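The values are calculated or read from the model by the stated rules, or taken from the named source; none is laboratory data. Quantities reported herein were computed from a predicted structural model and do not represent experimental measurements. Methodologically, a virtual Cβ is constructed for each residue, glycine included, from the backbone with ideal geometry; neighbour enumeration extends over all protein chains shown.
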Amino acid sequence: MTEVLHAHAFEDNYIWLIRGKSPGHVAIIDPGDADPVLAALEKQHLKPAAILCTHHHGDHVGGVADILKEYSIPVYGPARERISTLTHRLKDNDHIKLAELDLEFDVLDVPGHTAGHIAFFGGGMLFCGDTLFSAGCGRLFEGTAEQMHASLSRFAALPEATRVYCGHEYTEANLRFALAVEPNNVDSLAYRERAQTQRKLQLPTLPSTIGLERRVNPFLRSGQPGVRQSAEKQAGRSLVSEVEVFAVLRRWKDSFRG
């Protein structure tokens, strides 16, 4: 199994460092801040082979320029977003090979959080930026509910064992909302216990898996009767489609203070 390290940034960002088969080389995912990345590289005697960016928000790309001052490496990212440091602009179904890591990734176009957001899938891993969070999903800053629902449905169709590496540590807060939607979801209740234990030890709750997210994440469960019923109660009306259910859930989560 490929080893994935992490560096903390800001309050709750994760910058992922993928260590491949070649000793000492890593790919850097979404470096919003250069300092923790450079410190981790020095401390662990690692050399970056590439930077992979999922979307244009500053807390995911803000450190790229400073890393490039120290290392001349390629920068992969979304073709439909303005990121000045990109050397390789990627679109849906593109395929990249990182020779130093002996790793390959498929590129998934997953708009919703931003208009051109992409994700990287390969080696049994999904690096999904701010589209999917454990037990949650990103806010709709630039996309529509229809787009985000389609993007999350695309993730849900991946193999259950796929390890999910999100951009933020939001799991405990997301589970509070998930349990407001499905109070009797035994998987969510058990996951809350595990997440609380991990956070008390100052350990990440991530990675999650696609299989776990299918069981606990309300935004992947808009077709479930209990989720629909909660959304209809929140909306005060009947909801015809899964997209309508998703849209109500997303608006509910935006103002949720539980």
Note to self: Only one of 28, 51, 67 is within 20 Å of residue 208 (Cα to Cα), touching a residue at least 24 places away in the same chain (Cβ under 8 Å) and not polar (S, T, N, Q). Can you tell me which?
What the structure shows: 28
Check: Among the residues of region 131-166, which ones are touching a residue at least 60 places away in the same chain (Cβ under 8 Å), in contact with an Asp or Glu (Cβ under 9 Å, 6 or more places away or on another chain), of a type outside the set (A, V, I, L, M, F, W, C) and within 27 Å of residue 5 (Cβ to Cβ)?
Finding: 134
Check: Quick check: is even one residue across region 186-195 loosely packed, with under 15 Cβ neighbours inside 10 Å, out of contact with any strand residue (DSSP E or B) (no Cβ under 8 Å at 6 or more places or on another chain) and among the β-branched types (Val, Ile, Thr)?
Finding: yes
Next item on the list: Output yes when any residue across region 164-172 is at positive phi and either of a type in the set (Val, Ile, Thr) or in contact with a Gly (Cβ under 7 Å, 6 or more places away or on another chain) (or both), and no when none is.
Entry: no
Item checked: The one condition in (1) touching a residue at least 24 places away in the same chain (Cβ under 8 Å); (2) farther than 26 Å from residue 250 by Cβ; (3) surrounded by fewer than 16 Cβ atoms within 10 Å (Cβ to Cβ); (4) among the acidic types (Asp, Glu) that residue 100 fails to fulfil -> (3)
Note to self: Take the residues in region 245-258 that are part of a helix (DSSP H, G or I) and touching a helix residue (DSSP H, G or I) at 6+ places or on another chain (Cβ under 8 Å); name whichever of them is nearest to residue 154 (Cα to Cα).
What the structure shows: 246
Item checked: Selection from region 202-233 of residues that are farther than 23 Å from residue 154 by Cα and surrounded by fewer than 16 Cβ atoms within 10 Å (Cβ to Cβ) -> 202, 203, 229, 232, 233
Check: So is residue 94 of a type in the set (D, E, K, R), within 15 Å of the chain's Cα centre (by Cα), at pLDDT 95 or above and over 22 Å from residue 36 (Cα atoms) or not?
Finding: no
